[in-house]
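Reviewing the structure listed below.
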Amino acid sequence: MKKQITMAALFLLFSGIASAHPGHGLAGHGLDSAYAGFMHPLTGWDHLLVMLAIGMWAAKLGGKARWQLPLTFVAIMAMGAVLGLSGLSFDYVETAIAASVMAMGVLLMMSLPINKLMQLSITAIFALFHGMAHGVELQSQSSLATLGGMLVATTMLHSLGFLMATQRVKMATWLNNSFAWLLLFVGSYLLLN
């Protein structure tokens, strides 16, 4: 089981190297639109890393956070995507997303005493930015199938992050720390470029 999770994580982490946010060439409806929506979160480092990190943070916090954080992210990201699909966005959404990558690195690295409302608020704000960016990028393929595919991929990434963080304690600690540093590095790179 550990080997399959590691291989899946590596596959997902390196799936976005070729291009950050392609149009996927699928302007059709039905399965093509669902596939385009599904692939979208998997093809950008910023989105991929934060969605995995939300699952890892939820596992680290434990308790109700295990389901509340991912559910909040998916629900608010869907709302943000609808806003983005309707053309609503702001100039610094990509900067906010880059900052969310770094912030998730800090949250994974440190055990800060953050109350439940603040945990949910942080998650919701990050989800809104990611959703708006997805929505704007997917305007040419706007359909319920596209949005549905995107939400399924996001849920899967949260689940994978959760599984990565709940493996044997020694591996989970190493993976959490390594992933936190990766988030800080990528977030810094995105903010500077």
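The numbers here are math on the coordinates, done by the rules we state, and not lab data. Here the structure is a predicted model, which means the values were calculated and not measured. Using ideal geometry, Cβ is built from the backbone for each residue, glycine included, and neighbour counts are taken over all protein chains shown.
Between Glu94 and Thr173, the simple spin-label model (points 7 angstrom out along Cα→Cβ) gives 4.0 nm. Simple spin-label estimate for Val82 and Gln139 gives 1.9 nm between the two label positions (7 Å along the Cα-to-Cβ direction from each Cα). Computed from the Cα positions only, the extents of the range 46-192 along the three principal axes stand at 45, 32, 25 Å, in decreasing order. Hey, got a sec? Which chymotrypsin sites (Phe, Trp or Tyr not before Pro) in the range 34-130 land in a DSSP loop and have at most 14 other Cβ atoms within 10 Å? Passing both the DSSP loop test and the Cβ count: Phe90, Tyr92. A Förster distance of 30 Å, applied to the separation of the beta-carbon atoms of Asn115 and Ser188, puts the FRET efficiency at 0.60. For Ser100, the shell of other residues with beta-carbons less than 11 Å away shows a net charge of -2, using +1 for Lys and Arg and -1 for Asp and Glu. Summing Cβ point charges (Lys, Arg +1; Asp, Glu -1) relative to the Cα centre of the range 46-192 gives a dipole of roughly 720 debye.
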